[in-house]
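Asks: Structure provided below as structure tokens; questions to follow.
The values are calculated or read from the model by the stated rules, or taken from the named source; none is laboratory data. As the structure is a computational prediction, the values presented were derived from the model and not from experiment. All Cβ positions, glycine included, derive from the backbone under ideal geometry; neighbour counts span all protein chains shown. Heavy atoms of the whole protein, side chains included, go into the accessibility calculation; ligands, DNA and RNA do not. Shrake-Rupley method; radii C 1.70, N 1.55, O 1.52, S 1.80 Å.
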Amino acid sequence: MMTKDKYIGHLLIFMVNILFAINITISKSLLPIHVTPFGLTLLRMLFACVMFWLTSLFLPKEHVPKKDLALLFFCSMTGITINQGLFIYGLTNTSPIDASIISTASPIFVMVLAAIILNEPITRMKAFGVLVGAIGAIGLILASGQVASGKSNLLGNMLCMLSSFSYSIYLVIAKPITKRYSSVTIMKWMFLFSTLVIFPFTYDDLIETPAFHGTINSQYILSILYVLFFATFIPYLLIPISLKRIRPTTMSMYNYIQPLGASIIAIMVGQDTFSLVKLIAAVFVFSGVYLVTQSKSRDDIERSIALKNRKK
């Protein structure tokens, strides 16, 4: 039975992926004409870092010992720096459709890593749910009318794969720490570490943005504000809150909502058309998420065993 806490976790991660889906369309309008990929990445990190530290001033102070700071540094590298850096660089070296398909491997990585690190069982239902969801997501990507230009490249594909694997590591290792600290405390340190690491390598890209040369317009400003606030600060605020309540594999399954959301948005603005294939693919996505949600966790199995032992 799903508790109120789990409902909240599911709702929050669903919202996160809808915001990310909208960001796909908006970011495409910005890159690379208005801002370079690495310039936008640094801008997002700087904005989030400042916002989380400012927000923390209005909340109860949480002491983070050096041991946990080291873990948060590792989380920042896997969940933000390596994840975003490799994906952006990989995307510039391969086709967007290849990058999108590769990203569907994330729940598979998370499922295996959670089994190794957190001792979460890989049940038949969970494995089948991941497979069904992946088929649906790939179907949506391939059926999209927006197959963007770009040539497939082994290096770019490998970088996108490593990016996906890096974020999968983050989802698994961050699970325990979300129970010890607030979302703001976790993210203020993660974005601080990420900004300090990436700043020397991307500073020039940020300076090249039109904002530094006075060549900006209202549409550009609104798009940037969406990326910074609704595609960075808000989602990363909600991710640890959701991760605290639901399993990493379940969270990663909601990544499949992104191509679905992007497809719906494209249809609404007239950039794509509705088809039966897309409807079937959407059914596969939601079925996959449902199956993983209903699969038994380690706690469920342990409670079941304990209950059987009591009856004996």
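Asks: Kindly report, to the nearest 10 Å², the accessible surface of MET15 as traced by a 1.4 Å probe over protein heavy atoms only.
Replies: Here the accessible area works out near 80 Å².
Asks: Of LYS6/LYS278; LYS28/LYS188; LYS179/LYS278; LYS66/LYS244, which pairs sit farther than 32 Å apart, going by alpha carbon to alpha carbon?
Replies: LYS179/LYS278
Asks: Arranged from highest to lowest average of other beta-carbon atoms within 10 Å per residue, in what order do the peptides 17-28, 274-285, 232-243 appear?
Replies: Ranking the peptides 17-28, 274-285, 232-243 by packing returns 232-243, 17-28, 274-285.
Asks: Top to bottom by accessible area (1.4 Å), largest first, where do VAL227, VAL197 land?
Replies: VAL197, VAL227
Asks: Excluding ligands and nucleic acids, what accessible area in Å² is computed for TYR203 using a 1.4 Å probe, to the nearest 10?
Replies: Answer for TYR203: close to 100 Å² accessible.
Asks: Between Rg and the Kirkwood Rh of the range 88-130, both from Cα atoms, what is the Rg to Rh ratio?
Replies: Result: Rg/Rh = 1.15.
Asks: Please work out whether the range 44-196 counts as rounded, prolate or oblate from its C-alpha gyration tensor, where a ≥ b ≥ c are the square roots of the eigenvalues and a/c under 1.5 means rounded, while otherwise a/b larger than b/c means prolate and anything else oblate?
Replies: Here the range 44-196 falls in the oblate category.
Asks: So how strong a dipole does the chain carry about its Cα centre when Lys and Arg Cβ are +1 and Asp and Glu Cβ are -1, to the nearest 20 debye?
Replies: About 1600 debye.
Asks: Kindly report the accessible area of the chain per residue (heavy atoms of protein chains, probe 1.4 Å, no ligands, DNA or RNA), in Å².
Replies: Ligands and nucleic acids excluded, the figure is 50 Å² per residue.
Asks: What helices in the chain pass both tests, a Cα length along the helix axis of 30 Å or more and a mean Kyte hydropathy of -0.5 or higher, using whole DSSP H runs?
Replies: Going by DSSP H runs, the hits are 4-30, 154-177, 183-207.
Asks: Once Lys and Arg get +1 and Asp and Glu get -1 on their Cβ, which of TYR220, ASN157, CYS75 lies farthest toward the positive end of the dipole of the chain?
Replies: Farthest towards the positive pole: CYS75.
Asks: Report the one residue of TYR236, THR123, PHE284 whose Cα lies farthest in the direction of the positive end of the charge dipole of the chain (charges on C-beta: Lys and Arg +1, Asp and Glu -1; origin at the Cα centre).
Replies: THR123
Asks: On to the next question. Roughly speaking, to the nearest percent, how much of the chain's 1.4 Å accessible area is carbon and sulfur?
Replies: 70
Asks: Would you kindly find the accessible area of LEU206, with a 1.4 Å probe and non-protein molecules such as ligands, DNA and RNA excluded, rounding to the nearest 10 Å²?
Replies: Accessible surface of LEU206 is approximately 10 Å².
Asks: Provide ASP68, ASP205, ASP5 ordered by accessible surface of protein heavy atoms (probe 1.4 Å), highest first.
Replies: Most to least solvent-accessible, the answer reads ASP5, ASP205, ASP68.
Asks: Another question, if that's okay. Just reorder SER29, SER218 by solvent-accessible area, largest first, 1.4 Å probe, all chains present.
Replies: Sorted descending by solvent-accessible area, the residues read SER218, SER29.
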